[in-house]
Amino acid sequence: MAARQNIRVPYGYESPEESRKGTLIFYDSFEDVTDAELERAFTAFERRAFAKLVLYPLHEETVRRMWKEPVSAFHKRQKSLEEWKLDSGHSTVSIQNWDGKRKKYTPIDTALRYLTEVYPSPYFLYMTPEMANLFASFSTFEEWIVQLRLLLSTGPETVHPRLEKFRSRWDVFAEE
């Protein structure tokens, strides 16, 4: 057992409140995401003063089950994200490779359960409108939408009925 450390502070000292809190999770396949879109997500992260930006690329089996479209290998998409992070110098960005380590289909609720155990709350999911509509179509959507909020990259053309039902739990990121 470690010894407890006493800290001396002047009388009346109040510790400053943390100005950054929570986690912004960019949940996507990252197949067609450009550097400009990644910078847009980083801008959202900074403007909303989150503590951490987590890029969560999906394994090819997950993408195949969700979208029924071919996608490049996980390690290639992860490498391009790491190159972007290195080139941009954003040290507060974390690239989560848990889906790649599993090497199989990972339902979104399993991924969210993992992410909420690892990163600090409150949680915001940064998604494209297509991904948000797909997320809303899953049976576990209503269970998760009360625990987190959605931040959409652009305004949706069509809105899933469940997404419309929880309109107060999502927002569209608008750059000023």
- Query: Which ones in segment 129-176 are more than 19 Å from Asp35 (Cα to Cα) and among the polar types (S, T, N, Q)?
  - Reply: Asn133, Ser137, Ser139, Thr140, Gln147, Thr158, Ser168
- Query: Yes or no: Lys76 closer than 19 Å to Arg102 by Cα, out of contact with any strand residue (DSSP E or B) (no Cβ under 8 Å at 6 or more places or on another chain) and without any contact (Cβ under 8 Å) to a residue 24 or more places away in the chain?
  - Reply: yes
- Message: Can you pull out every residue in segment 128-173 that is part of a strand (DSSP E or B) and surrounded by fewer than 16 Cβ atoms within 10 Å (Cβ to Cβ)?
- Response: Asp171, Val172
- Query: For segment 93-121, which residues satisfy the criterion of being surrounded by 15 or more Cβ atoms within 10 Å (Cβ to Cβ) and not in a helix (DSSP H, G or I)?
  - Reply: Val93, Ser94, Ile95, Gln96, Asn97, Tyr105, Thr106, Tyr119
- Query: When you scan segment 37-88, how many residues do you find that are surrounded by fewer than 15 Cβ atoms within 10 Å (Cβ to Cβ), more than 17 Å from the chain's Cα centre (by Cα) and either in a helix (DSSP H, G or I) or among the hydrophobic types (A, V, I, L, M, F, W, C) (or both)?
  - Reply: 9
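Any read-out appearing in this document is the output of simple, stated calculations on the displayed coordinates, not a laboratory observation. No experiment lies behind these values; they were computed from the predicted model shown. Every residue, glycine as well, gets a Cβ built from its backbone with ideal geometry; the counts of neighbours run over all protein chains shown.
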